[in-house]
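Encoded as structure tokens, the structure appears first; notes follow it.
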Amino acid sequence: MPKYLVEFIGTFFLVLTIGFAVVKPGADAMAPVAIGATLMVMIFAGGHVSGGHFNPAVTLAVFLRGKCPAADVIPYWVAQLTGAALAAGVVIFIKGTSQDPPQDPDIVKALVVEFLYTFALAYVVLNVATAKGTAGNSFYGLAIGFTVLAGAYSVGPISSAAFNPAVAVGITLMKLIVPAKIWIYFVANLAAGACAALAFKAIHPGEE
């Protein structure tokens, strides 16, 4: 279906940009700008088709908020994770895996920052892309992309700033993080997506 293809394409280019910008020689201090900009433009390109999630945690948040059918959750996740894995494969083919030692984040600190900024990301998505009060706005892609940009600059050195289980798969395959710590992202990111949906419902009671 078109929306699953859009989720695949958007996640693919997000993770592809992460790999090309981060694996050395990369964009160094400008990497978060490239990543946030890619997410923004892919959301503008595909948001009207699939919602522009490109992130299993966002899909969970939108589902719990009531704007994603249950039947789409698993296909979205499959499309997102497949896109991320293929993007990692392309980066490895062109640049090889990272030659720097993979990041080995402190578990507690990484759980905290990944939860907080994934919550911020999902909260922004729900408010700019699904709320009645912002329906039809022209800034939703920019708002979402800049949330990731801000998070990457803020906590990248602590957790690699994935905020997305699909991104976690990609950066693990590219050897940017140690494989044993990948569970941090699935736990923190999905929990944050669920909490963002609960927060949205508390702030917007009765909005379905």
(request) Give me the distance in nm between label points sitting 7 Å out from Cα along the Cα-to-Cβ direction at residue 90 and residue 28, one decimal. (result) 2.6 nm
(request) For residue 67, list the aspartates and glutamates whose Cα falls under 15 Å from its own Cα; do not include residues on the same chain fewer than 8 positions away. (result) 207, 208
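Kyte-Doolittle mean at least 1.0 and Cα extent at least 18 Å along the axis: which DSSP H helices of the chain qualify?
Numbers: long enough: 2-22 (30 Å, 1.60); 31-50 (28 Å, 1.58); 70-95 (38 Å, 1.43); 107-129 (32 Å, 1.89); 140-159 (27 Å, 1.25); 182-203 (32 Å, 1.72).
The answer, listed by residue number, is 2-22, 31-50, 70-95, 107-129, 140-159, 182-203.
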(message) For the chain, set up a GNM with springs between Cα atoms under 10 Å and report which of 104, 28, 72 has the largest fluctuation.
(response) 28
(request) Specify the residue with the greatest mean-square fluctuation among 107, 35, 18, computed from a Gaussian network of the chain linking alpha-carbon atoms under 10 Å apart. (result) 107
(request) Could you check the simple spin-label distance between residue 180 and residue 204, using points 7 Å along Cα→Cβ, in nm with one decimal? (result) 4.2 nm
(message) Are there any chymotrypsin sites (Phe, Trp or Tyr not before Pro) in segment 118-195 that are in a DSSP loop and have at most 16 other Cβ atoms within 10 Å? List them by number.
(response) 139
(request) Go through (1) -0.23, -0.53, -0.73; (2) -0.27, -0.58, -0.77; (3) -0.47, -0.81, -0.91 and flag the label whose value is the computed log10 I(q)/I(0) by the Debye sum over Cα atoms at q = 0.08, 0.12, 0.14 Å⁻¹ for this structure. (result) (1)
(message) Could you report segment 29-157's accessible area per residue, 1.4 Å probe, as an integer in Å²?
(response) 45 Å²
(request) Could you work out which residue, out of 59, 82, 11, moves most in a Gaussian network model of the chain, that is, has the largest mean-square fluctuation with Cα springs under 10 Å? (result) 82
(message) Quick check: Cα centre of segment 143-172 to Cα centre of segment 1-34, how many Å?
(response) 11 Å
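The values are calculated or read from the model by the stated rules, or taken from the named source; none is laboratory data. Just so you know, these numbers come straight off a predicted model, no measurement behind them. Because the Cβ atoms are built from the backbone with ideal geometry, glycine has one as well, and the counts that use them run over all protein chains shown. Surface areas here come from the heavy atoms of the whole protein model, side chains and all, with no ligands, DNA or RNA. Shrake-Rupley method; radii C 1.70, N 1.55, O 1.52, S 1.80 Å.
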